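Below is one structure, written out as structure tokens; the observations come after it.
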Amino acid sequence: MNIVILGPQGCGKGTQSEMLANRFDLEHFDMGKSLRRVAEEDTPLGKEIWEIQNVSKTLVPKRIMQQVFALKMNSIPREQGVVFDGMPRNLDQAQYFEEAVREFGRKIDRVIVISISPEESVARISKRRVCDKCKKGYVFGLDITEDDVNCESCGGNIIQRTDDTEEGVMKRLKVYHDETMPVVEYFKSKGLVSEIDGSGDEDDVFDSILETILNIEG
Ligand SMILES: [Zn+2]
């Protein structure tokens, strides 16, 4: 079983992908995490990604994303399914994605789209904080208050990433709307999309997803 999970920032797709992967013994494929993992390797590709992420701080080019995609796909046993977390992000990626998935002998069984309102996206994400040194994540109002300025693990500064401010979230939502919604429409035209209400807690959302998945398996 191969599943794609899409949705706007803060919809919980990372958590749901993880829960799905655990339940059905699927590989959870998160492109951001894979890029960071390859960047730690002492290989020409690893060095190139490290350089882009830490020195030039530019977007990772398509060519590299495709290489990392292929590396990852090659590392997963054929019989094991995959949860593709947050990919493809735009129509250009969707084209490569479809061809590559097919080449690796797989097919997409379902595309789960988790929806929440823009207000909810902003409310959830603007609470995120991160240590500027070890990158440990915190939730404002839950793990920390305004008195907590230093990371409990390493003493680094707890900061809010620009991407996580209200303005930053609105910008990313616009990109989701302009670039990823066309991908959703495309998969819809193939009858692959199940839309899930993401406004409840993570167990409720997971129950809705399970219902959809068990229907296709049934
Ligand atoms: Zn820290």
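Using C-alpha pairs under 8 Å with a sequence gap of at least 6, the mean separation divided by the residue count of region 7-92 gives a relative contact order of 41 percent.
Between LYS190 and GLU120, the modelled labels are 2.7 nm apart [label points 7 Å from Cα along Cα→Cβ]. Measuring only protein heavy atoms, the 1.4 Å probe finds MET181 accessible over about 60 Å². Decide, for the chain, between rounded, prolate and oblate: order the square roots of the alpha carbon gyration tensor eigenvalues as a ≥ b ≥ c, take rounded if a/c falls under 1.5, and otherwise choose prolate if a/b is larger than b/c, else oblate. It comes out oblate by the Cα gyration axes. Multiplying each eigenvalue of the alpha-carbon gyration tensor of region 1-80 by 5 and taking the square root yields semi-axes of 25, 16, 10 Å, largest first, rounded to whole angstroms.
With a cut-off of 12 Å on the backbone N, the residues of region 158-190 near the modelled label site 7 Å out from LYS136 along Cα-Cβ are 158. Backbone amide hydrogens, once placed in the peptide plane, bring ILE196 within less than 5 Å of VAL113, ILE114, SER115, excluding anything fewer than 5 places away on its chain.
A simple spin-label model places pseudo-atoms 7 Å from Cα toward Cβ; at GLU99 and THR58 they are separated by 2.3 nm. Taking packing as the residue-averaged number of other Cβ atoms within 10 angstrom, the listed peptides 60-66, 48-54 run from highest to lowest as 48-54, 60-66.
Over region 102-195, Cα pairs under 8 Å with separation of 6+ residues give a relative contact order of 35 percent.
Assuming R0 = 35 Å, what is the FRET efficiency of ALA70 and GLN160, from their Cβ-Cβ distance, to the nearest 0.05?
Efficiency, from the Cβ-Cβ distance: 0.50.
Computed from backbone phi, the HN-Hα couplings of region 105-120 come to x, 10, 9, 7, 7, 7, 10, 9, 10, 9, 9, 9, 6, x, 4, 5 Hz, rounded to whole numbers (Karplus: 6.51 cos²θ - 1.76 cosθ + 1.60, θ = phi - 60°; Gly and Pro given as x). Normalised per residue, the accessible area of the chain is 57 Å², obtained with a 1.4 Å probe and no contribution from ligands, DNA or RNA. Projection of the Cα convex hull of region 31-154, averaged over all directions and equal to a quarter of that hull's surface, yields 10.6 nm².
Entry note, the chain: the mean residue ellipticity at 222 nm calculated from DSSP H runs of n ≥ 4, each adding -39500 (n - 2.57), is -13500 deg cm²/dmol after division by the residues and rounding to the nearest 500.
The values are calculated or read from the model by the stated rules, or taken from the named source; none is laboratory data. Keep in mind that this is a model prediction, so the values were computed, not measured. Counting neighbours? That spans all protein chains shown, and the Cβs are built from the backbone with ideal geometry, glycine included. Side chains included, ligands, DNA and RNA excluded: accessible areas come from the protein's heavy atoms. Shrake-Rupley method; radii C 1.70, N 1.55, O 1.52, S 1.80 Å.
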